[in-house]
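One structure is given here, and the rest of the page talks about it.
The values are calculated or read from the model by the stated rules, or taken from the named source; none is laboratory data. Everything numeric in this text was worked out from a predicted model, so none of it was measured. Backbone-built Cβ (ideal geometry, glycine too); neighbour counts: all protein chains shown.
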Amino acid sequence: MTAHGHIPDEWLVSYAAGALSDAQALLVATHVDYHPGLKARVAEAEAIGGALLEGVAPKPMKTDAFDDLMARIDMLPDDEEAPAPPSAAERGLDTDIPPVLADYLGRRLDDMNWRLMGPGMRQCRLAKGKDGECLWLLRARGGTVMPMHDHRGTEFTLVLRGSYHVGDQQFTPGLLEIAASDLKDHQPMIDEGEDCICLVITEAPIRIHSLLGRMVQPFIGL
Ligand code: ZN
């Protein structure tokens, strides 16, 4: 069972094993950064994966291992600590999104090259992967009703700012919606208030129901 808005464990295992596409890995790393519990599960998957590769069972951690580690860290001389890299704020990047994504974008969300996508909607294409996979940002004004559509592949939507609803499920910053390829009549509704900005992966172009939407689609390339 997957908790609402969170990545399934199989994905965390693939992520830990380095088996995801670049776009998927960025999305998972960004999603995981919001949830300390998921970070711990990734570390667990990495430990198990490493043990499997070495053909040995993972060693149980000694109960006092953490204290030992802290004691060793305490003994490190201060002057040997590497200087901290400049923070996102010092580099003029957004601080309300995970650093892994802020670094990847290299500029603030407000300064991205937003292009009109439809009424109240803008998009910014980030990368094209194999087999039609596309990584992009969606920016939709509060109160916007997204065009109803079906999918030709899985669609991953990670909220960065604002929020939206699909039926009675709300997606807020850090939550991930996974719309499977067989999900029909998908129509997210942006909640009133600030713009909703999401990091999105579409495995293949969506199929918009309205004629107008289908006419516009070739121009936006999603
Ligand atoms: Zn969809």
Within the stretch 1-51, track down each residue that is in a loop (DSSP other than H, G, I, E, B) and either in contact with a Lys or Arg (Cβ under 6 Å, 6 or more places away or on another chain) or surrounded by fewer than 16 Cβ atoms within 10 Å (Cβ to Cβ) (or both). M1, T2, A3, H4, P8, A17, G18, A19
So which residues in the stretch 141-157 are basic (K, R) and either near the ligand (Cβ under 10 Å from one of its atoms) or modelled with pLDDT of 95 or more (or both)? R141
Test D185 against the stated conditions and say whether it is away from the ligand (no atom under 15 Å from the Cβ) and not assigned by TED's automatic domain parsing to the domain that holds G37. no
List the residue pairs whose Cβ atoms are under 8 Å apart, where the first residue sits in the stretch 22-45 and is within 16 Å of L160 (Cα to Cα), the second is surrounded by fewer than 17 Cβ atoms within 10 Å (Cβ to Cβ) and of a type in the set (K, R), and the two are 6 or more positions apart or on different chains. V32/K39; D33/K39
Within the stretch 127-140, residues being touching a strand residue (DSSP E or B) at 6+ places or on another chain (Cβ under 8 Å), in contact (Cβ under 8 Å) with a residue 24 or more places away in the chain and either more than 16 Å from the ligand (Cβ to nearest atom) or within 18 Å of I97 (Cα to Cα) (or both) number 8
In the stretch 180-222, what residues are within 22 Å of P98 (Cβ to Cβ) and either at pLDDT below 90 or among the hydrophobic types (A, V, I, L, M, F, W, C) (or both)? I190, C196, I197, C198, L199, V200, I201
Take the residues in the stretch 158-179 that are at pLDDT 95 or above and on the phi > 0 side of the Ramachandran plot; name whichever of them is nearest to the ligand (Cβ to nearest atom). G162
